[in-house]
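One structure below.
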Amino acid sequence: VVENVWPGHLIVIEFPDGQRVRDWYRSRPYQEILALRTDNSQSDVIFVDGVEHPHKATDVLG
């Protein structure tokens with residue numbers, strides 16, 4: 001960590017696109033087990049749009 005304090009662990013789950021992650025999150029199977037996470041941990045969930053392949057970090061440098 002370069003700045004501030006890292007609060008704990010990080011879990012990243014990749015999905016093909018934003019619609020599929022929203023569908024997964026709202027799905028009955030996930031909603032049925034959601035309390036297992038929320039009742040037993042403090043966590044934040046964020047959805048982040050990725051970049052198109054073949055993206056390189058240097059693509060944004062001018």
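Read the figures in this text as sums done on the coordinates, not as results from a lab. These numbers were taken from a predicted model, which means no experiment stands behind them. Cβ sites come from the backbone with ideal geometry, for glycine too, and all protein chains shown count toward neighbours.
The structure-derived value of Rg/Rh (Cα atoms, Kirkwood Rh) appears in the list (1) 0.97; (2) 1.18; (3) 1.06 under the label (3).
For the listed peptides 29-38, 15-24, 42-51, 2-11, a ranking on the average number of other beta carbons within 10 Å per residue, highest first, reads 15-24, 29-38, 42-51, 2-11.
Per residue of the chain, the DSSP helices (runs of n ≥ 4 H) give a summed -39500 (n - 2.57) that works out to -9500 deg cm²/dmol at 222 nm.
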